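In what follows, a single structure is set out as C-alpha cells and then discussed.
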Amino acid sequence: MTTSNHMLFTAAKRGFCPRRVAFDAWYASLRNLKHLRALDWSWLTRLKPNRLVDPDGSGNRPVSSVCLPLTGGVVHLKGYGFVRVFKIAAPHGGVEYWATDDLSCTLEQLADDVAQIGAIEAYHRGLKQFCGVERAQHR
C-alpha cells in the first residue's frame, strides 16, 4: 500500500467523510483516483498537461490539446472514467488544468475550492518556513 493510500485508508477508518479531497498533480495517479472512488469520496486535483483524455470518443490525447469551455468540459480520463476538467490561467502566468470527479462542479465552486487550497498551502508553507516543522524528527 502506498503512503497516500495508507493515509486515505486511515482517514476512512477514523470516520472522516470529506466533502472533497484536494491534492496536487504529483498524487493524481490512477491508483489514488480509484482508491478515492472506492471510498466514495469526491476529489479535485491538477492534471499535468500531458495527461491523456478523450473529449469526444475520437481517441486519447493530451489534455493540453483539448478545447475546453470556460465552464469546464466532461472528458474521459484514460484508465479512470469521466471527469470534469477546467482550464484556468495560473497566477504565475501559465495554464493549469483542474479535474474533479464531480461532473456537476461549476466554475464558481472550483474557484472557491482553489482559494481554500491556496490558503491551506500558505499555512503549511508558513509552518515549514517559520516554525521549522520540516526539520522536526518525530512521529
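Here, each number is a calculation from the coordinates, and none is a lab measurement. If you're wondering where the values come from, they're calculated on a predicted model, not measured in any experiment. Methodologically, a virtual Cβ is constructed for each residue, glycine included, from the backbone with ideal geometry; neighbour enumeration extends over all protein chains shown.
Brief remarks follow.
- Sorting 49-58, 75-84 by average packing, meaning the other beta carbons within 10 Å per residue, from highest down gives 75-84, 49-58.
- Fully extending the segment from R61 to V133, taken as 0.36 nm per residue of separation minus the present Cα-Cα distance, adds 21.8 nm.
- Placing a pseudo-label 7 Å from each Cα along the Cα-to-Cβ vector at F82 and S29 gives an inter-label distance of 2.8 nm.
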